[in-house]
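First comes the structure, then the notes that go with it.
The values are calculated or read from the model by the stated rules, or taken from the named source; none is laboratory data. Quick caveat, the model's predicted, so the values are computed rather than measured. Every residue, glycine among them, receives a Cβ derived from its backbone with ideal geometry; neighbour counts consider all protein chains shown. All accessible areas refer to the heavy atoms of the entire protein, side chains included, with ligands and DNA or RNA removed. Shrake-Rupley method; radii C 1.70, N 1.55, O 1.52, S 1.80 Å.
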Amino acid sequence: MPIFTHPEFDQHEQVQFCHDKATGLKAIIAVHNTRLGPALGGCRMWPYADEQQALNDVLRLSRGMTYKSALAGLPLGGGKAVIIADPRKDKSPALFQAMGAFVESLGGRYITAADSGTGVAEMALMGQRTRHVVGAGTREQLGGGIRSGDPSPATALGVFIGLREAVLQRLGRADLTGLRVAVQGLGQVGFNLAQQLRAAGAELWVHDIQEANVRRAVDELGAHAVGAQDIYGLDVDVFSPCAMGAIINGETLQLLQAPVIAGAANNQLAKASHADVLWRRGCLHAPDYAINAGGIIDVSYEYTGGSPEQVRRHVEGIGDTLRQIFLRAKAEDRNTTNIADSLAQERLNA
Ligand code: NAD
């Protein structure tokens, strides 16, 4: 398995393979770039089919964290960890303590956080062996307000602010009353976003594979429930992907009509070239790692220190970052993802 010549290697500073015989832990920690500060990124637990898949994932994700933190103006670099195991049956306190010890062994170059398959409980277990962990505290310990130990409220706030900015730039309207928004995925972020949109007067069309989530949106927010395939082609102002990645792909591009795409999902574009297709047809797409940075901003303050009010103000800055991206995209006639990458690179090289 090549590392230095791996297609996703992209000049990673450090890739650590971790094995603990006693617990059976197998994990990879990738530190992409620490130029702006220690590498902060989640620890994912996933039953990867093979080690190659785990390596691909951790390298791709840690590079993404470098860009996300740089663009969000954080004093942090990019890193990520993956534990190769099934979160439904392989969790044990000893396994996460062992993982914590590996994180500690990097001496603070990597700071871990929750991700798919891990949460506050696992971060607390890792925290028994390392100081370099965030997302292990409770709302009371963190000062309350937006800070609950769960990054999703901050992510949802950032997405709401970013969506509003995209609507202002593309549709010229600051008032969201009557704005038609299709929300795909009503989980921790999607439902919170839908609540904020509804409170601002928007009308919602929603889909989730979990019927209970749809029912709640219909009952509490007066949303219109639509089918899995129907969510793409609706005649709405905004399509908001808040479920899974690669949702903008060859198939959905044929269906999507909304002039604005702004949502929380990571890695929304199946191919980088799709950003150009959207741009050419006049669809303003808020790059995912710019609009969904609220969560990383929130947890970063847990590490560096700061009040809930500071966190909120920083998250609100996502609107300014997106405005900068949208205006520069227009001035240079380049797609928004392209511009976001350039901005992040410029901050990294500054
Ligand atoms: P979540 O698991 O709480 O919610 C995802 C929701 O999407 C679930 O309700 C699920 O049933 C639904 N879903 C899954 N597949 C679907 C499909 N095909 N069609 C419709 N609905 C589907 O996750 P979340 O924390 O709300 O995160 C949502 C997205 O935002 C993810 O892509 C995540 O990576 C990204 N994100 C989350 C955060 C955060 O702070 N939670 C931060 C940055 C990015």
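How big is the antiparallel share of DSSP beta bridges in segment 152-349, given as a percent to the nearest 5?
The antiparallel fraction comes to roughly 0 percent.
Please state the relative contact order of the chain as a whole percent: Cα pairs under 8 Å, 6+ residues apart?
Averaging sequence separation for qualifying contacts and normalising by length gives 15 percent for the chain.
What FRET efficiency comes out for the pair GLU332/ALA49, r = Cβ-Cβ distance, R0 = 51 Å, nearest 0.05?
Computed FRET efficiency for GLU332 and ALA49: 0.80.
To the nearest µm²/s, what D does Stokes-Einstein give for the chain at 10 °C and 1.306 mPa s, using the Kirkwood radius over alpha carbon pairs as Rh?
77 µm²/s
Heavy atoms only, probe 1.4 Å: what % of the accessible area of the chain goes to carbon and sulfur, would you let me know?
49 percent
Charges at C-beta only: +1 for Lys and Arg, -1 for Asp and Glu. How large is the resulting dipole of segment 152-349 about its Cα centre, in Debye rounded to 20?
With only Lys, Arg, Asp and Glu charged at Cβ, the dipole is about 360 debye.
With r defined as the distance between the Cβ atoms of SER92 and PHE17 and R0 fixed at 22 Å, what FRET efficiency is calculated, to the nearest 0.05?
0.60
If you restrict to DSSP beta bridges whose two residues both lie in the chain, what percentage is antiparallel, to the nearest 5?
Around 30 percent of the beta bridges assigned by DSSP in the chain are antiparallel ones.
Using 1/(1 + (r/R0)^6) with R0 = 25 angstrom and r between the beta carbons of HIS224 and LEU171, what's the FRET efficiency to the nearest 0.05?
Working from the Cβ atoms, E equals 0.80.
Name the residue from GLY187, ALA200, HIS32 whose Cα lies farthest towards the positive end of the charge dipole of the chain, charges +1 on Cβ of Lys and Arg and -1 on Cβ of Asp and Glu.
HIS32
With unit charges on the beta carbon (Lys/Arg positive, Asp/Glu negative), name the residue among LEU176, GLY282, VAL15 whose Cα is farthest towards the positive pole of the charge dipole of the chain.
Toward the positive end, the furthest listed residue is VAL15.
Specify the angular offset, from 0 to 90 degrees and rounded to the nearest 10, of the alpha carbon long axis of helix 93-105 from the longest principal axis of the alpha carbons in the chain.
90 degrees
Once amide H atoms are built 1.01 Å from N in the peptide plane, which residues 5 or more positions from GLN14, or in another chain, come under 5 Å H to H?
Here the answer is VAL31, since their amide H atoms fall under 5 Å of that of GLN14.
So what is the accessible area of segment 152-349 per residue, in Å², with the probe set to 1.4 Å?
41 Å²
Would you calculate a helix-derived [θ] at 222 nm for the chain, using -39,500 (n - 2.57) for each DSSP H run of n ≥ 4 and dividing by the full residue count, to the nearest 500?
Rounded to the nearest 500, it is -13000 deg cm²/dmol.
Using only Cα positions of segment 152-349, each an equal point scatterer, no hydration layer, compute I(q)/I(0) via Debye at q = 0.17 Å⁻¹ and quote the log10 values to two decimals.
The Debye formula, applied to the Cα set alone, gives -1.12.
Can you tell me the orientation of helix 294-304 relative to the chain, as the angle in degrees between its alpha-carbon axis and the longest Cα principal axis, to the nearest 10?
Roughly 40 degrees between the two axes.
On full extension of the chain, what length is gained from ALA272 through GLN324, given 0.36 nm per residue of separation minus the C-alpha to C-alpha distance?
16.7 nm
Please report how far the C-alpha centroid of segment 236-258 lies from that of segment 266-345, rounded to the nearest whole angstrom.
A separation of 17 Å, based on Cα centres.
Please list, in order along segment 117-124, the HN-Hα scalar couplings obtained from phi with the Karplus expression 6.51 cos²θ - 1.76 cosθ + 1.60 (θ = phi - 60°), rounded to whole Hz, x for Gly and Pro.
Values per residue, Gly and Pro as x: x, 10, x, 4, 4, 5, 5, 5 Hz.
If you line up the long axis of helix 318-332 against the longest principal axis of the chain, both from Cα atoms, how many degrees apart are they, to the nearest 10?
Once rounded, the angle reads 70 degrees.
What lysines could a cross-link reach from LYS271, if we take a straight Cα to Cα line under 27 Å and drop same-chain neighbours fewer than 8 places away?
Of all the lysines, those that pass the test against LYS271 - Cα under 27 Å, at least 8 places apart if same chain - are LYS68, LYS80, LYS330.
Might you report the magnitude of the Cβ-based charge dipole of the chain about its Cα centre, with Lys and Arg at +1 and Asp and Glu at -1, to the nearest 20 debye?
Computed about the Cα centre, the dipole is about 460 debye.
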